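Have a look at the structure below, then the notes.
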Amino acid sequence: MRIWPGFGAGVGVGLILLGLVNAALFNDWIIQRYGAVFAVGRAMDKQLFTEKTCPQILIMGNSRVDNGVDPRAMQSEWGTTRETFNLGIPGTNARIGYGMLTRLEQAGCLAKGKLQLVVIGLDESYLQNDDSLGYATFFADSEALLDEGAIKTWLGTWLKLWAYTDNLRQLREPDKALRFVEATIKPLEPVGGAAWRHLGYRAGFGATNQNEAQAQQQEEGADIPPTPVVQDYLFKITKILQQHNISVAVSFPPLLNRSSAYADPARANGAYFPLSARLKENGVYVISQPDPVPRQRAYFFNAGHLSDKGAQIYSRWLAKELEAKWNWLSVEGQPK
């Protein structure tokens, strides 16, 4: 039977089935189920937990935040149980960060009296265009993608079968294929624990779990200028937060062998150096004081990522710096 010239009923049924599968894949819980297999699954685990709990304080950034900031150490320094969560996602940039915030806005977490402070752990790669782990089609804001002309990525936000392709290719690795089967049969926590276990902090994150190629790419990125469209997303982040009367701070995570390009005009021909001043002009609290983490290998797993030992020092110092600016952090209740 042909329902149209050259178009059989079987093809039509096939398209309907593909449409139903595509619709099913819009369910965030499917990708979260595979948080122990795909980076995007662990990111979804953290995102969904944040949308459900709507913490008062949020720390954002990439892997340098993920395994460098311990919310419980910050709470201990403040002497309060003020709800704090680490939304650092390895391999993300400001485009993904903005998309995560618009999701939180839709979930009501930016409403008055909920989220009060966002701290961005800013490094060079956060303003660059790399999306090698395939986050954009799951987290980037669709309207913003159209505004920047990223049509292919925008299509991926609707064609979920396409969006899953890069992740499914990773199953060619035997270890990932086995974990995929295991996660299908039973719940399996991501490396470092589920989002709730350490409030987003990847505690005990070791060298064996660090993607050395990605870490090297991050280090090399210190001399690559920001991608203008991604840099614009940083200021979209500050704008959406300030529109909701949410305070914004920026810190530069410790590095073992060099200073941040945001503080070093010799890096990337000075492309990052003016951004600190521009952020301050936009009402962002930029923490430019040197942190106390010793620049010794014992405090770092590699050149750009803190060990737990280093993370405890950095987290407590960061808590003190924030409290010096906002004394309500150490007092329960609403900000003064």
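The values are calculated or read from the model by the stated rules, or taken from the named source; none is laboratory data. Values in this document were obtained by computation on a predicted structure and should not be read as measured data. Neighbour counts are summed over all protein chains in view; Cβ atoms, including those assigned to glycine, are modelled from backbone coordinates with ideal geometry. Side chains included, ligands, DNA and RNA excluded: accessible areas come from the protein's heavy atoms. Shrake-Rupley method; radii C 1.70, N 1.55, O 1.52, S 1.80 Å.
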Task: Members of segment 30-60 that are farther than 30 Å from Leu178 by Cα and under 13 Å from the mean Cα position of the chain (by Cα) - done: Leu58, Ile59, Met60
- [ ] Could you check, for segment 281-295, whether at least one of its residues is part of a helix (DSSP H, G or I), without any contact (Cβ under 8 Å) to a residue 60 or more places away in the chain and under 29 Å from Gly149 (Cβ atoms)?
- [x] yes
TODO: Could you list all residues from segment 51-66 that are open to solvent by 10 Å² or more (accessible area, probe 1.4 Å) and of a type in the set (D, E, K, R)?
DONE: Glu51, Lys52
Task: Cβ pairs under 8 Å, 6+ apart, first in segment 322-336 and of a type in the set (Asp, Glu), second open to solvent by 90 Å² or more (accessible area, probe 1.4 Å) and at pLDDT below 95 - done: Glu332/Thr81
TODO: Please enumerate the residues belonging to segment 242-280 that are in a strand (DSSP E or B) and more than 21 Å from Gly310 (Cβ to Cβ).
DONE: Ser247, Val248
Open item on the list: Among (1) of a type in the set (D, E, K, R); (2) surrounded by fewer than 17 Cβ atoms within 10 Å (Cβ to Cβ); (3) more than 20 Å from Val69 (Cβ to Cβ), there is one condition Lys325 misses while meeting the rest; what is its number?
Closed with: (3)
TODO: Being touching a Leu at 6+ places or on another chain (Cβ under 7 Å) and part of a loop (DSSP other than H, G, I, E, B) is the filter; apply it to segment 56-67 and report the residue that is nearest to Glu105 (Cα to Cα).
DONE: Gln56
- [ ] Kindly list, by first and then second residue, each pair from a residue in segment 223-236 that is in a helix (DSSP H, G or I) and open to solvent by 30 Å² or more (accessible area, probe 1.4 Å) to a residue that is at pLDDT 95 or above and aromatic (Phe, Trp, Tyr), limited to pairs with Cβ atoms under 7 Å and residues at least 6 apart or on different chains.
- [x] Lys236/Tyr98
